[in-house]
Amino acid sequence: MAEFSKGLEGVVAAETQMSFIDGAKGILEYVGIPIDDLARNSTFEETVFLLWNCRLPKKAELDAFNTDLRSRYRIPAELTSMIQSMPKTAQPMHVRRTAVSALSMYDPSPNGLDSAGKPDIPAMRSKALNVLAQIPTIIATFDRHRRGLPVVDPRANLAFAPNFLYMLNGEAPTPAMARAFDICMILHADHGLNNSTFTGRVVISTLSDMYSALTAAIGSLRGPLHGGANEEVMDMLHEIEAEAKKQGKDVMDYIEPYIMDKLAHRNEGARIMGFGHRVYKTIDPRATFLKTFSKQIAADTGNMRLYEMSSKIEAIMAREVGAKGIYPNVDFYSATTYHSIGLKLDLFTPMFAMSRTSGWAGHCIEQVTDNRLYRPAAKYVGPHGAPYVPVAQR
Ligand code: SDX
């Protein structure tokens, strides 16, 4: 029996060929390819093919994959109606979790097992591709609904990133915005056995279905300690701006006291969102790439103040807690990037989940390909031989 490790810290719970992380050196590779090379040269669709097939596609294969994905953009009409009946004040991550779960009801064979009860891998891949293709449509449909705008149908002649922005805004994005979003999708696609990916693997290890596994993973990613941090980063930047204004201070002068106060309360659980990581003890390579990228897109969209604030926070944190291995993670600069692209704050985490659906699905396929039901042990620390005391005597 292995020793108890809180939060399974340091425990190896799966083998994967999809992403490699060296937390000490700040390295992330997808099937051996450095994340920087993929962000600069690949597309989200090509990255998904890489993760699901453990190799880059030939041109004809990529063209076929693109065509297949785009042919699946549309969601069932009944699901559109269901989304349009949801409260306009619903949280987009709750809408997404509910809609992905509902997709299983419009699949005539949702379980993905063959007649012998064994995982039907091609069927599971097809279900995963349906969910991946339809997530953008689900999110855009709800956002249009809550804004009182008509649904914008997907366009099968648009790639994943521009199609989402088109459905959201009702007009095709600029090539620069589409590329910015595509790069964010590449950077968030997979990341080893993070909490939401592990959640998906645990669920699918019971030979449950892809919809149930992906729904469970969404629930995990919503948490502010995991996927929800990017929204909290933007909340923090806005809070600093509002507090500085209230005190009649220049926002750049207010950052130091604000951060120092948060750090002074970290033993009470206060956290600077977008910093720290269970695995990285140096800067997250995705944050390194996003820092440079967010500066460019902030400059292009008049959001340089947010970038300058973020950069100053990073410098203070490096001085105060860098020695403890607390550096920016993927969420810190993705906040400014998503804001500069024009996405609403409560869509930031759904964007993370939109991309990570590809990683979750790839891990679920890995899991069922060489499955072992997850059932860890618990260390019992309660009493033994306790008497049953009748309620009248308690
Ligand atoms: C993601 O796992 C993944 O791969 C996740 C992810 C992915 O792609 O899937 O990379 C995405 O989840 C990024 C992380 C987003 N979350 C945040 O930015 C929230 C803020 N970060 C922290 O809550 C924290 O860093 C975690 C949760 C991310 C990791 O925490 P751990 O490993 O459980 O570390 P801990 O909370 O036990 O902290 C260890 C020490 C403590 O100090 P001491 O008590 O030892 O003195 O580091 C300090 C903490 O106080 N610390 C922080 C801090 N993070 C850790 N102090 C201030 N601010 C922070 N953000």
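The values are calculated or read from the model by the stated rules, or taken from the named source; none is laboratory data. Keep in mind the model is a prediction, meaning the values are calculated, not measured. So basically every Cβ, Gly included, is an ideal-geometry build from the backbone, and we count neighbours across all protein chains shown. Keep in mind that these areas ignore ligands, DNA and RNA; they rest on the heavy atoms of the full protein, side chains included. Shrake-Rupley method; radii C 1.70, N 1.55, O 1.52, S 1.80 Å.
Before moving on, here are some points about what is shown:
- With the whole protein complex present, Val279 retains an accessible surface near 60 Å², based on a 1.4 Å probe.
- Calculated diffusion of the stretch 229-340, Stokes-Einstein form, Kirkwood radius summed over Cα pairs, 4 °C and 1.567 mPa s, µm²/s: 92
- Amide H contacts under 5 Å for Ile27, placed H, 5+ residues apart: Asp22
- Cα-derived Rg to Rh of the stretch 84-178, Kirkwood definition: 1.05
- The charge dipole of the chain, taken about its Cα centre with unit charges on the Cβ atoms of Lys, Arg (+1), Asp and Glu (-1) only, comes to about 560 debye.
- Furthest towards positive pole of dipole, Val202, Phe164, Gly322, structure part the chain, Cβ charges: Val202
- Each Lys or Arg adds one and each Asp or Glu takes one away; over the other residues whose Cβ falls under 13 Å from the Cβ of Lys6, this sums to 0.
- For the stretch 331-358, the residues whose backbone nitrogen is under 12 Å from a point 7 Å from the Cα of Asp300, taken along Cα to Cβ, are 340-342.
- Taking a Cβ cut-off of under 11 Å around Leu345, the surrounding Lys, Arg, Asp and Glu residues balance to a net charge of -3, with basic ones at +1 and acidic ones at -1.
- Candidate residues His238, His191: accessible-area rank, largest first, probe 1.4 Å: His238, His191
- Shown are Met1, Met93, whose ranking by accessible area with a 1.4 Å probe and every protein chain present, most to least, is Met1, Met93.
- Rounded D (µm²/s) - the stretch 274-364, Kirkwood Rh over Cα pairs, Stokes-Einstein at 4 °C, 1.567 mPa s: 93
- With all protein chains modelled, accessible area of Ser115 [1.4 Å, Å²]: 130
- Value of [θ]222 nm, deg cm²/dmol, for the chain, DSSP H segments ≥ 4, -39500 (n - 2.57) each, nearest 500: -18000 deg cm²/dmol
- If you run the Gaussian network model on the chain, springs between alpha carbon atoms under 10 Å, then out of Gly269, Gly302, Gly200 the most flexible one is Gly269.
- Computed lengthening from Ala156 to Thr89, 0.36 nm per intervening residue step minus Cα-Cα distance: 21.1 nm
- Dimensionless Rg over Rh [the chain; C-alpha; Kirkwood]: 0.99
- Protein-only accessible surface at a 1.4 angstrom probe places the residues Leu237, Leu62, Leu207 in the order Leu207, Leu62, Leu237, largest first.
- Average silhouette area of the stretch 126-226, convex hull of alpha-carbon atoms, in square nanometres: 7.6
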